Amino acid sequence: MNTKNFLLSLIAVATAFSFTSCNSDGPNDPSKPDNNRPVFTDIVTVSAINTNSTVFTFRKIDDSPLVTLTVNQAANTANVKVGDRLAISYYSDKNQQYVDAGITVLGISSTAGNGENIPVGKAIDNSNWFTSTISRPVLQRSGEYVNVQFFSDMYPTSVKLRMVLDENTVHDSFPNAYILFNGSYAQSPAPYVYFMSYSLQELWDDSNVQGLNIIYQTNEGKKTFTINRPGNSQEKPVEK
């Protein structure tokens, strides 16, 4: 899987690749950014594409209230569809994050997984879970999704990025999923940011499953992030 579209530059301007043009002098006009305003980045679901607007929804963490963001541009349906999971950077009309608001989109990226179920695989078909290291990872459950964000010096056009569920553990109370990240390092090292988003619903439909272990590699060694199934435990997700 080529991940050049998983790269998001926080200063990139949204282009016609993702949004159709519109004529607007309102607060969502991307031609009039205010550099003093805070820029937010979130992984969101495309909830609606209307004639002159696009609606995104997401949860900050776990089962927190649903947040609705609206941009007064229609997404280009040749490249974006309802249900897609995207990473967006944006200005908010309210200059606050995690509140319903109109927004100006500054940058947009697809996510590895795109909100689909985590594919099941075998160790032998996945280089025995070999993976390169990742830096500054952020993992969290957001409603029915698990989101991952991390940095790496690997060049985006050479990277293969995916999450795979170990078929030998798929019906365990806590199945194991692996973040698999492989590619070539850029000649001139620079930090690139990558995004992933997968659905947990198929796992939760198995009454035996009580959570999920996500395993990944850092410079400090192998790490495991555990998500508890909603209602299974009052404990917060743990990392070890």
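Every listed requirement among (1) more than 26 Å from Ile88 (Cα to Cα); (2) in contact (Cβ under 8 Å) with a residue 60 or more places away in the chain; (3) in contact with a Phe, Trp or Tyr (Cβ under 6 Å, 6 or more places away or on another chain) is met by Gly211 save one, (2). Leu180 meets the stated requirement of being outside any loop (DSSP other than H, G, I, E, B), at pLDDT 95 or above, in contact with a Ser or Thr (Cβ under 6 Å, 6 or more places away or on another chain) and closer than 20 Å to Arg85 by Cβ.
Residues in segment 135-175 that are more than 18 Å from Ser109 (Cβ to Cβ) and of a type in the set (Val, Ile, Thr) were compared, and the one that is surrounded by the fewest Cβ atoms within 10 Å (Cβ to Cβ) is Thr169.
Of all residues in segment 51-94, those satisfying the criterion of being over 18 Å from Asn147 (Cβ atoms), assigned to a loop (DSSP other than H, G, I, E, B), at pLDDT 95 or above and more than 16 Å from the chain's Cα centre (by Cα) are Asp93, Lys94. In the set (1) in contact with a Gly (Cβ under 8 Å, 6 or more places away or on another chain); (2) outside any loop (DSSP other than H, G, I, E, B); (3) of a type outside the set (D, E, K, R), the condition left unmet by Leu139 is number (1). Scanning segment 62-75 for residues that are in contact (Cβ under 8 Å) with a residue 60 or more places away in the chain, within 19 Å of Phe195 (Cα to Cα), crowded, with 19+ Cβ neighbours inside 10 Å and not small (Gly, Ala, Ser) turns up nothing. Cβ-Cβ contacts under 6 Å between residues 6 or more apart (or on different chains), taken from a first residue in segment 76-104 that is more than 19 Å from Met196 (Cα to Cα) and open to solvent by less than 50 Å² (accessible area, probe 1.4 Å) to a second residue that is in a loop (DSSP other than H, G, I, E, B) and not hydroxyl-bearing (Ser, Thr, Tyr), are listed as Tyr91/Arg37; Ala101/Asp93; Ala101/Lys94; Gly102/Asn28; Gly102/Asp93; Thr104/Asn28; Thr104/Pro30. Take the conditions (1) open to solvent by less than 70 Å² (accessible area, probe 1.4 Å); (2) modelled with pLDDT of 95 or more; (3) of a type outside the set (Gly, Ala, Ser); (4) out of contact with any Leu (no Cβ under 7 Å at 6 or more places or on another chain); Ile124 misses just one of them, which is (1).
The residues listed here are Tyr192, Tyr216; of these, the one that is hydroxyl-bearing (Ser, Thr, Tyr) and either over 18 Å from the mean Cα position of the chain (by Cα) or modelled with pLDDT of 95 or more (or both) is Tyr216. Can you find a residue that is without any contact (Cβ under 8 Å) to a residue 60 or more places away in the chain and open to solvent by 30 Å² or more (accessible area, probe 1.4 Å) anywhere in segment 192-204? Checked against the condition, which is being without any contact (Cβ under 8 Å) to a residue 60 or more places away in the chain and open to solvent by 30 Å² or more (accessible area, probe 1.4 Å), segment 192-204 yields no hits at all. What tally of residues in segment 150-173 results from selecting those that are under 19 Å from the mean Cα position of the chain (by Cα) and part of a helix (DSSP H, G or I)? Counting residues in segment 150-173 that are under 19 Å from the mean Cα position of the chain (by Cα) and part of a helix (DSSP H, G or I) gives 2.
The values are calculated or read from the model by the stated rules, or taken from the named source; none is laboratory data. In this text, all values refer to a predicted model and were calculated from it rather than measured experimentally. For neighbour counting, all protein chains shown are included, and Cβ atoms are generated from backbone atoms with ideal geometry for every residue, glycine included. Protein only, heavy atoms only, side chains kept; ligands, DNA and RNA dropped before computing areas. Shrake-Rupley method; radii C 1.70, N 1.55, O 1.52, S 1.80 Å.
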